[in-house]
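*Asks:* Below are the structure tokens for one structure; questions will follow.
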Amino acid sequence: MNATVLAVALCLASAAAYAAAAVAQERLARAAVARTARALLGNGAWWWSAGLNTAAALLHAAALRYGPLTLVQPLGALTLVAAVPMGARRAGRRVAATEWRGTLATVAGLGLLLLPASGPAPDDTLTLAEALAVSGATAAVIGLLTARRDVRSGLRHATASGLASAVASALTQTVAVAGGRGGSLLDGRVLAVAGLVAVFAVGGMLLSQRAYRGGLGAPLAVVNLANPLAAAAIGTVLLGERLQGGTAGLLLAVAGALMAARGVLLLTRTAPDGGRTHPAAAPAAAGRVAA
């Protein structure tokens with residue numbers, strides 16, 4: 001099977017598992033179960049969502065063995081396509097028109113980003129110094145994003161989750177490619193990078209759990225926007241990945257980013273119950289995000 005086709009197939013399976021996990025996490029967050037670590041660890045439903053996240057992460061790691069970051073990460077937007085209707089069905093309601101428009105705009109935008117992103121199977125890996133530098137810089141940015149708690153803290157936690165997941169994916173690719181070359185998985189660099197993968201993967205999941213207190217659509221859209229953009233930056237700067245198509249490819253990527261941002265904006269205007277967030281209701285909705 002062609003490496004790109006295999007990577008896409010693995011991404012589809014991963015997105016379905018991530019979507020189911022996101023819906024479960026959002027329900028726990030809105031039920032106020034996720035307020036303390038002890039409450040989470042004592043809840044069977046949270047362990048079920050953690051298991052789904054683990055399965056999705058393993059499928060995602062396999063996809064990264066066969067496709068570049070710039071291809072695999074934008075496909076994570078399929079999580080949003082599945083999660084929004086799943087969440088609405090679990091809540092016993094229909095998907096609002098604004099939710100559909102926001103979801104479709106986000107996915108279409110990320111699809112435009114995907115067009116110039118396809119390339120050969122990955123070959124380059126991060127050095128230990130690069131892995132540590134990326135991890136340190138990302139941890140600092142995450143600290144800044146989550147230091148304050150105000151009406152926008154939910155979306156900032158979602159951004160932090162997307163960044164953590166992107167770094168985890170970049171580091172996972174290093175482990176997968178290094179192991180796929182016949183190298184030892186017990187190599188010092190591989191073990192160190194694998195440890196960083198665990199830290200950022202778990203951190204990304206916990207940050208998303210915090211973000212979902214304000215609803216599912218907007219935070220998940222932000223996660224799915226921040227993740228591929230950060231991964232693309234890592235892939236192009238450190239791993240030698242390039243957008244295809246020259247200037248035309250770059251213009252497609254820019255148009256896609258703008259369209260995806262428009263989709264996220266639409267989803268932020270949708271209240272957690274599926275209705276529009278009107279100006280008068282904004283303070284109450286914001287209070288739920290900050291809670």
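*Asks:* How much length, in nm to one decimal, is gained on full extension between T54 and T236, taken as 0.36 nm per residue of separation minus their Cα-Cα distance?
*Replies:* Result: 62.8 nm gained on full extension.
*Asks:* If I take R0 = 41 Å and measure r between the Cβ atoms of V254 and L191 in this structure, what FRET efficiency does the formula 1/(1 + (r/R0)^6) give, to the nearest 0.05?
*Replies:* Efficiency at R0 = 41 Å is approximately 0.60.
*Asks:* On to the next question. What distance in nm lies between label points placed 7 Å from Cα along the C-beta direction at A140 and R90?
*Replies:* 3.7 nm
Values quoted throughout were computed directly from the atomic coordinates according to the rules given, and no laboratory measurement underlies them. Keep in mind the model is a prediction, meaning the values are calculated, not measured. Neighbour counts run over all protein chains shown; Cβ positions are idealised from the backbone, glycine included.
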